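Quick notes on the structure that follows.
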Amino acid sequence: MRRRNNLAFSAALVLALVSSGVAQDVTFNKTKYSSVKQAKEVDVDLAVTDSKISIKGAGKKDSGIDITIPYSSIDTMSYEYATRHRVAEGASLMVLSLGAGAILMATKTKSHWLALERHEGDAKETTVLQLDKSEYQQVIATLEARAGKKIAVLDAKTSDLNPTAESKDMDEVVPF
């Protein structure tokens with residue numbers, strides 16, 4: 001009886017060790033894809049597996065985005081946190097309500113960007129993803145663990161990822 005219990009315990013231990021050695025795929029569904037070819041950001045599902053990153057269009061509209069990036073093709077990964085004033089959004093709202101538009105113009109929007117630079121043969125490509133504020137830390141941790149590469153943290157004021165890099169916030173009255 002004791003031998004049977006030891007054998008059952010050993011089998012359970014081996015099963016637990018084997019199943020914990022196989023990592024499950026992790027999917028993030030609040031990610032947006034940006035591209036020079038893509039005029040607007042598109043909702044995508046970002047799946048991180050043991051051997052690759054998969055980016056597929058999400059939502060009701062078929063965006064046609066289906067990108068697979070093996071870890072072996074990744075040259076660099078970089079992350080950037082950017083903030084900007086909501087001037088354009090506030091200006092358009094000022095037409096409807098002066099107070100609400102002015103308040104919106106005074107607030108800032110924050111965004112988290114991930115750039116994956118990779119090669120396919122001799123061609124180099126960059127994939128840019130906007131990560132959600134509730135998922136960006138887990139995305140970064142998961143990618144670093146699975147890919148075995150460090151994600152560089154970029155300075156938002158000088159980075160190529162940030163379209164407002166090296167721009168200046170100006171406080172001035174603009175006639176309306």
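The values are calculated or read from the model by the stated rules, or taken from the named source; none is laboratory data. Keep in mind the model is a prediction, meaning the values are calculated, not measured. A quick note on method: Cβ atoms are made from the backbone with ideal geometry, for glycine too, and the neighbour counts reach across all protein chains shown.
Scan the range 26-48 for residues that are part of a loop (DSSP other than H, G, I, E, B) and either among the acidic types (D, E) or crowded, with 16+ Cβ neighbours inside 10 Å (or both) and jot them down.
The one that is part of a loop (DSSP other than H, G, I, E, B) and either among the acidic types (D, E) or crowded, with 16+ Cβ neighbours inside 10 Å (or both): E41.
Consider only pairs whose beta carbons are under 9 Å apart and that are at least six residues apart or on different chains; among these, list those whose first residue lies in the range 18-44 and is of a type in the set (G, A, S) and whose second residue is in a helix (DSSP H, G or I) and modelled with pLDDT of 75 or more.
Qualifying pairs under 9 Å: A23/A145; A23/R146.
Answer yes if at least one residue in the range 152-166 is surrounded by 10 or more Cβ atoms within 10 Å (Cβ to Cβ), at pLDDT 90 or above and in contact with a helix residue (DSSP H, G or I) (Cβ under 7 Å, 6 or more places away or on another chain), and no otherwise.
no
Report, by residue number, each residue of the range 58-75 that is touching a helix residue (DSSP H, G or I) at 6+ places or on another chain (Cβ under 9 Å) and either β-branched (V, I, T) or at pLDDT below 90 (or both).
I74
Being buried (at least 16 other Cβ atoms within 10 Å of the Cβ) and at pLDDT below 90 narrows it down to one of L93, L114, so name that one.
None of the others qualify; the one that does is L93.
Given the condition modelled with pLDDT under 95 and over 11 Å from the mean Cα position of the chain (by Cα), answer yes or no: does some residue in the range 125-133 qualify?
yes
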